[in-house]
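A quick write-up on the structure given underneath.
The values are calculated or read from the model by the stated rules, or taken from the named source; none is laboratory data. Because the structure is a prediction, the values reported are computed rather than measured. Note that each Cβ is placed from the backbone with ideal geometry, even for glycine, and that neighbours are counted across all protein chains shown.
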Amino acid sequence: MVEPLHALLAPRAGERVLEISAGNGSYTLAIAAAVLPDGTVDILDAHPDQLAEAMRAAGRRGLANVAPTLGDARYLPFEAATFDAAYLVAALGDQPDATAALAEIRRVVRTGGRLVVGELTGDPHRVAPAHLAACAESAGLRVAHRVDGLLGYVARLEPAAG
(Lines give C-alpha, C1' and ligand atoms only; values in the text may rest on other atoms or scores of the structure.)
Protein backbone atom coordinates (compact mmCIF):
# COMPACT_ATOMS: atom_id res chain seq x y z
CA MET A 1 0.00 0.00 0.00
CA VAL A 2 2.97 2.33 0.50
CA GLU A 3 3.82 2.50 -3.23
CA PRO A 4 0.35 3.49 -4.49
CA LEU A 5 -0.02 5.93 -1.59
CA HIS A 6 3.32 7.50 -2.46
CA ALA A 7 2.43 7.64 -6.16
CA LEU A 8 -0.89 9.48 -5.63
CA LEU A 9 0.28 11.68 -2.76
CA ALA A 10 3.51 12.59 -4.62
CA PRO A 11 5.31 14.09 -1.60
CA ARG A 12 8.16 16.43 -2.50
CA ALA A 13 11.11 17.85 -0.60
CA GLY A 14 10.20 20.87 1.49
CA GLU A 15 6.47 20.21 1.67
CA ARG A 16 4.29 20.18 4.76
CA VAL A 17 2.10 17.07 4.82
CA LEU A 18 -0.68 16.02 7.21
CA GLU A 19 -1.43 12.41 8.12
CA ILE A 20 -4.79 11.76 9.79
CA SER A 21 -5.01 8.82 12.21
CA ALA A 22 -1.33 8.02 11.92
CA GLY A 23 -1.55 5.00 14.20
CA ASN A 24 1.90 3.53 14.84
CA GLY A 25 3.44 5.56 12.02
CA SER A 26 3.82 2.80 9.45
CA TYR A 27 3.05 5.20 6.58
CA THR A 28 4.54 8.25 8.29
CA LEU A 29 8.14 7.13 7.96
CA ALA A 30 8.22 6.89 4.17
CA ILE A 31 6.42 10.19 3.71
CA ALA A 32 8.63 11.98 6.28
CA ALA A 33 11.73 10.74 4.47
CA ALA A 34 10.33 11.90 1.11
CA VAL A 35 9.84 15.52 2.23
CA LEU A 36 13.38 15.90 3.60
CA PRO A 37 15.46 17.98 3.97
CA ASP A 38 13.12 20.88 4.78
CA GLY A 39 9.66 19.33 4.78
CA THR A 40 7.57 18.15 7.71
CA VAL A 41 4.84 15.63 8.41
CA ASP A 42 2.23 16.53 11.01
CA ILE A 43 0.55 13.42 12.38
CA LEU A 44 -2.84 13.63 14.03
CA ASP A 45 -4.42 10.86 16.06
CA ALA A 46 -7.07 10.64 18.78
CA HIS A 47 -4.99 8.12 20.74
CA PRO A 48 -1.94 9.43 22.63
CA ASP A 49 -0.36 5.96 22.79
CA GLN A 50 -0.48 5.70 18.99
CA LEU A 51 1.14 9.12 18.60
CA ALA A 52 3.86 8.10 21.06
CA GLU A 53 4.54 4.89 19.12
CA ALA A 54 4.72 6.79 15.82
CA MET A 55 7.15 9.27 17.34
CA ARG A 56 9.33 6.43 18.69
CA ALA A 57 9.39 4.86 15.23
CA ALA A 58 10.39 8.21 13.68
CA GLY A 59 13.10 8.59 16.31
CA ARG A 60 14.50 5.15 15.57
CA ARG A 61 14.78 6.18 11.91
CA GLY A 62 16.35 9.53 12.77
CA LEU A 63 13.40 11.46 11.36
CA ALA A 64 13.13 14.70 13.32
CA ASN A 65 10.62 16.22 10.89
CA VAL A 66 7.50 14.56 12.36
CA ALA A 67 5.23 16.59 14.65
CA PRO A 68 2.44 14.92 16.67
CA THR A 69 -0.97 16.44 17.43
CA LEU A 70 -3.68 14.86 19.56
CA GLY A 71 -7.02 15.55 17.95
CA ASP A 72 -10.10 14.74 15.91
CA ALA A 73 -10.20 14.95 12.11
CA ARG A 74 -13.54 16.77 12.25
CA TYR A 75 -11.97 19.68 14.16
CA LEU A 76 -8.41 20.17 12.95
CA PRO A 77 -6.35 22.65 14.98
CA PHE A 78 -4.65 24.11 11.90
CA GLU A 79 -5.18 27.27 9.86
CA ALA A 80 -6.83 27.01 6.45
CA ALA A 81 -4.52 26.17 3.53
CA THR A 82 -1.68 25.06 5.84
CA PHE A 83 -0.68 21.82 4.09
CA ASP A 84 0.61 20.91 0.65
CA ALA A 85 -0.92 17.46 1.00
CA ALA A 86 -2.90 15.30 3.42
CA TYR A 87 -3.66 11.60 3.62
CA LEU A 88 -5.33 8.95 5.70
CA VAL A 89 -5.11 5.18 5.37
CA ALA A 90 -7.59 2.75 6.94
CA ALA A 91 -8.96 5.66 8.95
CA LEU A 92 -11.96 7.24 7.24
CA GLY A 93 -14.28 4.46 8.38
CA ASP A 94 -13.23 5.07 11.98
CA GLN A 95 -14.39 8.69 11.82
CA PRO A 96 -17.77 9.42 13.46
CA ASP A 97 -18.64 11.61 10.45
CA ALA A 98 -16.58 10.84 7.34
CA THR A 99 -18.05 13.72 5.35
CA ALA A 100 -17.23 16.26 8.07
CA ALA A 101 -13.69 14.86 8.33
CA LEU A 102 -13.14 15.16 4.56
CA ALA A 103 -14.51 18.72 4.53
CA GLU A 104 -12.21 19.69 7.40
CA ILE A 105 -9.18 18.09 5.75
CA ARG A 106 -10.05 19.90 2.54
CA ARG A 107 -10.07 23.18 4.52
CA VAL A 108 -6.46 22.76 5.70
CA VAL A 109 -5.02 21.68 2.32
CA ARG A 110 -3.95 24.58 0.14
CA THR A 111 -5.47 25.18 -3.29
CA GLY A 112 -3.81 22.78 -5.71
CA GLY A 113 -2.71 20.49 -2.86
CA ARG A 114 -3.35 16.77 -2.70
CA LEU A 115 -5.75 14.74 -0.54
CA VAL A 116 -5.41 10.96 -0.63
CA VAL A 117 -7.56 8.31 1.06
CA GLY A 118 -6.48 4.68 1.33
CA GLU A 119 -8.63 1.76 2.43
CA LEU A 120 -7.43 -1.74 3.23
CA THR A 121 -9.12 -4.97 2.22
CA GLY A 122 -10.27 -6.84 5.32
CA ASP A 123 -10.50 -3.74 7.52
CA PRO A 124 -13.82 -4.07 9.38
CA HIS A 125 -14.35 -0.30 9.02
CA ARG A 126 -13.32 -0.18 5.36
CA VAL A 127 -15.04 2.51 3.31
CA ALA A 128 -16.16 1.07 -0.02
CA PRO A 129 -15.29 3.11 -3.14
CA ALA A 130 -18.93 4.08 -3.75
CA HIS A 131 -19.31 5.31 -0.17
CA LEU A 132 -16.06 7.29 -0.46
CA ALA A 133 -17.38 8.92 -3.63
CA ALA A 134 -20.64 9.86 -1.85
CA CYS A 135 -18.82 11.29 1.20
CA ALA A 136 -16.42 13.17 -1.06
CA GLU A 137 -19.28 14.68 -3.04
CA SER A 138 -20.99 15.83 0.17
CA ALA A 139 -17.71 17.49 1.20
CA GLY A 140 -17.35 19.31 -2.14
CA LEU A 141 -14.79 16.85 -3.48
CA ARG A 142 -14.64 14.19 -6.16
CA VAL A 143 -12.55 11.07 -6.68
CA ALA A 144 -10.08 12.14 -9.36
CA HIS A 145 -8.05 8.93 -9.51
CA ARG A 146 -8.21 5.54 -7.81
CA VAL A 147 -5.70 2.69 -7.78
CA ASP A 148 -7.06 -0.72 -6.79
CA GLY A 149 -4.87 -3.56 -5.57
CA LEU A 150 -4.93 -6.79 -3.59
CA LEU A 151 -4.41 -4.94 -0.30
CA GLY A 152 -7.09 -2.33 -0.96
CA TYR A 153 -7.33 0.93 -2.83
CA VAL A 154 -5.92 4.45 -2.76
CA ALA A 155 -7.86 7.42 -4.12
CA ARG A 156 -6.86 11.03 -4.77
CA LEU A 157 -9.64 13.52 -4.11
CA GLU A 158 -9.93 16.95 -5.72
CA PRO A 159 -12.37 19.82 -5.34
CA ALA A 160 -15.54 19.17 -7.31
CA ALA A 161 -16.02 21.33 -10.39
CA GLY A 162 -18.63 24.00 -10.24
Being without any contact (Cβ under 8 Å) to a residue 60 or more places away in the chain, assigned to a strand (DSSP E or B) and either under 23 Å from residue 43 (Cβ atoms) or over 14 Å from the mean Cα position of the chain (by Cα) (or both): is that true of residue 106 here? no
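Would you mention how many residues in the stretch 133-151 are in a strand (DSSP E or B) and free of Cβ contacts under 8 Å to residues at least 60 places away in the same chain? Walk me through it before giving the result.
Narrowing the stretch 133-151 to residues in a strand (DSSP E or B): 141-149.
Still in the list and also free of Cβ contacts under 8 Å to residues at least 60 places away in the same chain: 141-144, 146, 148.
The number of residues fulfilling the criteria is 6.
Look at residue 79 and say whether it is of a type in the set (Asp, Glu), in a helix (DSSP H, G or I) and surrounded by fewer than 23 Cβ atoms within 10 Å (Cβ to Cβ). First the steps, then the outcome.
Numbers: of a type in the set (Asp, Glu): yes; in a helix (DSSP H, G or I): no; surrounded by fewer than 23 Cβ atoms within 10 Å (Cβ to Cβ): yes.
Here the answer is no, as residue 79 does not meet what is asked.
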Residues that are free of Cβ contacts under 8 Å to residues at least 12 places away in the same chain and either hydrophobic (A, V, I, L, M, F, W, C) or touching a His at 6+ places or on another chain (Cβ under 9 Å) (or both), drawn from the stretch 61-103: 64
Of the residues 116, 127, 154, only one is in a loop (DSSP other than H, G, I, E, B), at pLDDT 95 or above and either at negative phi or crowded, with 16+ Cβ neighbours inside 10 Å (or both); which? 127
Filtering the stretch 47-72 down to residues that are small (Gly, Ala, Ser) and in contact with a Leu (Cβ under 7 Å, 6 or more places away or on another chain), which residue is farthest from residue 17 (Cα to Cα)? 57
How do the pairs read when you match residues in the stretch 32-53 that are under 16 Å from residue 76 (Cβ atoms) with residues anywhere that are assigned to a strand (DSSP E or B) and among the polar types (S, T, N, Q), using Cβ under 9 Å and keeping only pairs 6 or more apart or on different chains? 42/69; 43/69; 44/69; 45/69; 51/69
Restricting the stretch 9-49 to residues that are over 10 Å from the mean Cα position of the chain (by Cα) and among the hydroxyl-bearing types (Ser, Thr, Tyr), the one modelled with the lowest pLDDT turns out to be 26
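Checking the condition small (Gly, Ala, Ser), in a loop (DSSP other than H, G, I, E, B) and modelled with pLDDT of 95 or more, which residue from 62, 122 passes? Don't jump to the end; show me each part of the working.
Details: 122 fails: modelled with pLDDT of 95 or more.
Exactly one residue qualifies, and that residue is 62.
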Residues being touching a helix residue (DSSP H, G or I) at 6+ places or on another chain (Cβ under 8 Å) and of a type in the set (Gly, Ala, Ser) - total across the stretch 40-76: 5
Test result for residue 99, of a type in the set (Ser, Thr, Tyr), more than 22 Å from residue 6 (Cβ to Cβ) and either in a strand (DSSP E or B) or more than 15 Å from the chain's Cα centre (by Cα) (or both): no
